[in-house]
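Trainee: Supplied in structure tokens, the structure appears directly below.
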Amino acid sequence: MNMEARKLTDEEKAIVTALIRAGDRKWSHLTKSLSSVKVMKMEDGEMGSLSFSNGKNKDRKLGYVVSQAEFTDGDDIAVSVALNLDEEGQLFE
């Protein structure tokens with residue numbers, strides 16, 4: 001994984017916000033952190049996946065799926081997205 005952390009782009013933030021809103025209301029508080037959250041690009045064959053930093057050097061595991069969606073991008077390519085949380089309910093991937 002590329003460990004260079006950065007903020008979400010406006011487009012990424014919009015997608016993550018939509019995924020949070022599409023999920024269970026218990027996750028709605030996650031939108032509050034999107035302006036300051038840090039992400040890292042995952043080595044996934046240029047698929048564009050992101051890993052959210054939790055600021056800890058700890059092995060994290062998938063805990064929850066907030067929501068999933070599919071859409072067609074500007075190049076008419078089908079895109080599948082999912083927002084996952086770790087076991088502690090923190091933004092994960």
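The values are calculated or read from the model by the stated rules, or taken from the named source; none is laboratory data. None of the values given here were measured: they were computed from a predicted structure. Every residue, glycine as well, gets a Cβ built from its backbone with ideal geometry; the counts of neighbours run over all protein chains shown.
Trainee: Looking only at the range 37-61, count every residue that is under 25 Å from residue 79 (Cβ atoms), modelled with pLDDT under 80 and charged (D, E, K, R) and tell me the total.
Mentor: Looking only at that region, the number is 2.
Trainee: Which of the residues spanning the range 60-81 are aliphatic (A, V, I, L, M), surrounded by fewer than 13 Cβ atoms within 10 Å (Cβ to Cβ) and assigned to a strand (DSSP E or B)?
Mentor: 62, 78, listed by residue number.
Trainee: Report, by residue number, each residue of the range 25-42 that is surrounded by 11 or more Cβ atoms within 10 Å (Cβ to Cβ) and either assigned to a loop (DSSP other than H, G, I, E, B) or among the small types (Gly, Ala, Ser) (or both).
Mentor: 28, 33, 34, 37, 42 - these are the residues of the range 25-42 that are surrounded by 11 or more Cβ atoms within 10 Å (Cβ to Cβ) and either assigned to a loop (DSSP other than H, G, I, E, B) or among the small types (Gly, Ala, Ser) (or both).
Trainee: Shifting gears a bit: Out of curiosity, is residue 52 of a type in the set (Phe, Trp, Tyr) and within 19 Å of residue 8 (Cα to Cα)?
Mentor: Values: of a type in the set (Phe, Trp, Tyr): yes; within 19 Å of residue 8 (Cα to Cα): yes.
When the stated conditions are applied, residue 52 passes them.
Trainee: Can you spot a residue in the range 34-53 that is in contact with a strand residue (DSSP E or B) (Cβ under 6 Å, 6 or more places away or on another chain) and polar (S, T, N, Q)?
Mentor: Yes: one or more hits.
Trainee: What are the pairs, 6+ residues apart or on separate chains, where a residue within the range 60-86 that is free of Cβ contacts under 8 Å to residues at least 12 places away in the same chain has its Cβ under 8 Å from a residue that is among the hydrophobic types (A, V, I, L, M, F, W, C) and surrounded by 13 or more Cβ atoms within 10 Å (Cβ to Cβ)?
Mentor: 70/79; 70/81; 71/79; 71/81; 72/79; 73/79
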